[in-house]
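In what follows, a single structure is set out as structure tokens and then discussed.
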Amino acid sequence: MSQTGFDLQSFLNYVRQEHPDRFLVISDPVPRDFTSTALTLELEKLDRGPILFFENVEGYEIPLVANLYASRDHVAWGLNTDSDCLYERISQALDALAPAERVAKGTVQEVVWRSDEADLDRLPIPRHFAQDAGPYITAGMIAARDPHSGVGNLAYARLQHRGPRLLGASVHSRQHLWDYHRRAEAAGKDLPVAVVIGAHPAVMLAAAAKLGIDQDEYDLAGALLDRPLEICRGVTVDVDVPANAEIIIEGHLRADERGPEGPFGEYPGYASHRSTNNVLEVSAITMRRNPIFVDIVPGNSREHLILGHVSYEAWVYKRMKEALPFFVDFNFPFSGIHFHAYVRIDKSAEGQAQQAAQLLFGLDQFTKLVVVVDKDIDIFDEQEVLWAIATHVQADRRVSITSNTIVNRLDPSSADGLGSKMVIDATRPLDWEAKRVSLPDDAIAFARKLIHGENR
Ligand code: MN
């Protein structure tokens, strides 16, 4: 049995009880707009990332939770593991999908709003950044069915609140949902969809993973939960939704219709105008009796960077491990918004740093700087990585640049999706002679006792 249960509220109860320092309840009334983003980003400056539970959003009955995944620990708790084993846990699940189980009716359909009652203005959908086009649903996972094969898909898309029953949508990463819509549109049909807001971390993680087009993200959620995910049919659309989700918005992605969407604060930390400008017309909103609205703080918040990338990192990590016996691990530092990676190797031959970097570029097209260090360097401490560069690197011999490669289209320094990849080999040569200074263990222990007292 999972320690965090099978729905979002059981996960929140777990964190609230077992890790109270990571759960901040705000009971006072707060303005809907900008509050979750501002509080999250101010806490990040203090190196803090608690889950934020806003009990009272001014003008709304439904509470709002934000910053669910500002630490990899939170993701790991949700997957019944710890952060050291997170990549292994996810990559094992990727190889052991567990088909979902259909139930007649879900708790997410305890309350059903149809036609004019299905009013988006009743949900506490916030604005996040001053540059955004409007309020956005940022934690919306769009469930849909392949118009030909019937296989399900679940993927995040940003959703702009444009009217009581109207959302602007962008599927600019052009993956499965985009392909479903393209094929439905070619047949002259709208694509039925259900926007899932709030579910167990296993579901929220699965929606950010990259699977084959013949694989259903619900089946990955089941593998991460260690039991099949319960799903039920939508009330107005032929789309399956997680039976124990918080809120579902049902509707259609319109064929042959486009509308304004964006700009919106994307994960590089810039407002992006890039959009497919899709139009989502709402047909029903369903929810459990006491639902919680989930907000993912966008832009380059830690939560956005972790949730957006951890599943893919796990996939890359597994392949690096398989291919390179000398590969130890990697870190995508928050400062580098997943464009930068620090790679640690246990070097036994010259040239291995370059091999590890090139494999990483091949597996992850959006990485554009790889710094390779020896295994004694703490890649989660940027000071140490920069120290390794400062003391091990002469740029004319240790830096290499490859031109005309693919980079992320959200990268504001590239106008056309093309750019370059840089490797900094900050490993020591095998014949290195300089000795790194160090201290006897008991001297360190004594100093720590002076600082922290006897018990630490
Ligand atoms: Mn998919």
Only one of (1) over 29 Å from Pro124 (Cα atoms); (2) surrounded by fewer than 23 Cβ atoms within 10 Å (Cβ to Cβ); (3) in contact (Cβ under 8 Å) with a residue 24 or more places away in the chain does not apply to Ala186, and that is (3)
Among Ala255, Ala184, Ala245, Ala271, the single one that is at pLDDT 95 or above and within 16 Å of the ligand (Cβ to nearest atom) is Ala184
Okay, helices (runs of 4 or more DSSP H) sitting entirely in segment 303-422 with 3 or more residues that are of a type in the set (D, E, K, R), I get 395-398
Exercise. Residue check: is Thr276 more than 28 Å from Trp113 (Cα to Cα), away from the ligand (no atom under 16 Å from the Cβ) and in a loop (DSSP other than H, G, I, E, B)?
Worked result: yes
Output for Cβ contacts, cut-off 8 Å, separation at least six or different chains, first residue more than 18 Å from Arg398 (Cα to Cα) in segment 424-452, second part of a loop (DSSP other than H, G, I, E, B) and at pLDDT 95 or above, reads Arg436/Asp376
Worksheet item: In this structure, is Val171 without any contact (Cβ under 8 Å) to a residue 60 or more places away in the chain and β-branched (Val, Ile, Thr)?
Response: no
Of the conditions (1) farther than 20 Å from Ala169 by Cβ; (2) buried (at least 22 other Cβ atoms within 10 Å of the Cβ), the single one that Ile285 does not satisfy is (1)
Of Asp295, Asp256, the only residue that is surrounded by fewer than 22 Cβ atoms within 10 Å (Cβ to Cβ) and among the acidic types (Asp, Glu) is Asp256
Heads up, the strands (runs of 3 or more DSSP E) in segment 124-177 (entirely inside) with at least 1 residues that are over 19 Å from Val297 (Cβ atoms) and within 16 Å of the ligand (Cβ to nearest atom) are 141-145, 152-156
Counted residues in segment 195-227 being outside any helix (DSSP H, G or I) and within 15 Å of the ligand (Cβ to nearest atom) come to 11
Among residues of segment 89-121 being buried (at least 18 other Cβ atoms within 10 Å of the Cβ) and small (Gly, Ala, Ser), the residue nearest to Asn290 (Cα to Cα) is Gly106
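The values are calculated or read from the model by the stated rules, or taken from the named source; none is laboratory data. Note that the structure is a prediction, hence the values are computed from the model and not measured. Methodologically, a virtual Cβ is constructed for each residue, glycine included, from the backbone with ideal geometry; neighbour enumeration extends over all protein chains shown.
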